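Notes follow once the structure below has been shown.
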Amino acid sequence: STTVAFTSNQLIHQVLAQNEIVVLGSNGRTGRLIINDLKSTGSKIRAVYREIPKDLTINPSDSIEYKEADVTKANTLEPVLKDAATVIFASSASPKGGKVEEVDRDGVINVANEAIKLKIPKLIIISSGAI
């Protein structure tokens with residue numbers, strides 16, 4: 001098993017050639033940064049939230065699809081991951097919701113299992129050193 005660290009720009013270049021990019025944890029700081037970086041590439045982005053924020057500003061010119069799913073609930077994942085070429089897992093437990101074990105461990109397992117089932121070629125997991 002190899003662990004590879006990327007800067008944000010390196011990560012973007014790794015996924016640029018892909019068609020559908022799913023970003024799980026789109027409401028978190030890291031997820032928002034990833035989406036903003038991906039917007040400049042013209043990639044088709046599927047931003048996934050546990051709950052879509054009521055105050056979310058949607059720019060019709062962005063090629064972003066907004067979806068809801070909960071990484072702790074495996075049965076919510078297939079519809080948001082289907083047809084993805086790359087999945088970026090940027091979900092993390094926070095004071096706003098989720099326990100570390102449920103999100104940062106079980107959530108990764110749920111997403112990885114679904115990615116394998118759907119034959120998604122790339123799964124990128126973003127994690128904090130604090131976890």
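Readers should treat all values here as calculations from the given coordinates under stated rules, not as data from a laboratory. Everything quoted here is computed from the prediction, not taken from an experiment. Here the Cβ positions follow ideal geometry from the backbone for every residue, glycine too, while neighbour counts run over all protein chains shown.
Using the Cβ of ARG105 as centre and a radius below 15 Å, the other residues enclosed give a net charge of -3, where K and R count +1 and D and E count -1. For the range 28-72, the calculated P(r) over all alpha carbon pairs, in 10 Å bins from 0 to the bin holding the longest distance, is 24, 62, 14, 0 percent. On the beta carbon distance between LYS119 and LYS39, with R0 = 30 Å, the FRET formula returns roughly 0.65. Put simply, the amide H of GLU20, placed in the peptide plane, has neighbours under 5 Å in ALA85, THR86, leaving out anything fewer than 5 places away on its chain.
Applying a threshold of 23 Å to the alpha-carbon distances of LYS39/LYS67; LYS39/LYS99; LYS73/LYS119; LYS99/LYS122 flags LYS39/LYS99; LYS99/LYS122 as lying beyond it.
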